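Some notes on the structure that comes next.
Values quoted throughout were computed directly from the atomic coordinates according to the rules given, and no laboratory measurement underlies them. What you see is a predicted model; the values in this text were computed from it and never measured. All Cβ positions, glycine included, derive from the backbone under ideal geometry; neighbour counts span all protein chains shown.
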């Protein structure tokens, strides 16, 4: 399977008023980039603009991860994770989630300004934030560490007051509990939101970021409340795993977009080989891929090529 865009991890594509926008993590983890195009395919060769660069030291100076571009409250917002430094002696990172805002109708024009940190309610490792509007309300979903729960990160959800504030406390959605989520590391991260036939789905990724990395699925019950944890159904098995025949190893950290005909498209990253060339963070070859989503007879999404 051919990459859509090479060496761009944690890919995110959105479309507004018929124009597509792309952002992702870059191998140097030092900046936030953005591309715009009038067509989805045009993002491949579109000019890539740096809209923000890490601080030289201190807060927001290291490991800039997983930017996402959303149009909220009449402005463009980029949510991203940043740290003060690398991992500590125990291998723990100190990321928090921050926001950039741009009021220009075209986010590739004008300037993004720093809008501060998103308060999630407590001070621990926080990454991979996304947002979705559902049932007339807007929700924020992210990955965060709770030291009272085994593992690196869990998934949380909160309703949003506005583009930069949450209604707290947050609700715990998912913890690493199944074997496939606990290979190498106990991880739930990279949530992505899909709405199909009025039903809300959240995909996420689990385990170490080598060929064991895989995608899971949370399904909101029909008529369910996104803030009621018991209204979510969690698949006990992954919905997308390594596909050796297609050269996709460790697929995950996905988002969703649509083509001009309204067909749902899975946007995800994977490596073209197992393991790492170097380390998980030094290997630049997590590429962005696209795949059309199929639906089964029950109307539920199918991501895997079997």
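For the reader, a short list of remarks on this structure follows.
- Sorted peptide list for 103-109, 296-302, criterion being average Cβ within 10 angstrom, highest first: 103-109, 296-302
- Checking [x] 27.9, 101; [y] 25.2, 89; [z] 17.8, 53 against Rg and Dmax of the Cα atoms in Å calculated from these atoms, the matching label is [z].
- Averaging Cα coordinates gives a centre for segment 86-114 and one for segment 219-297; these two points are 23 Å apart.
- Each Cα pair under 8 Å and six or more residues apart adds its separation to the average, and for the chain the resulting relative contact order is 15 percent.
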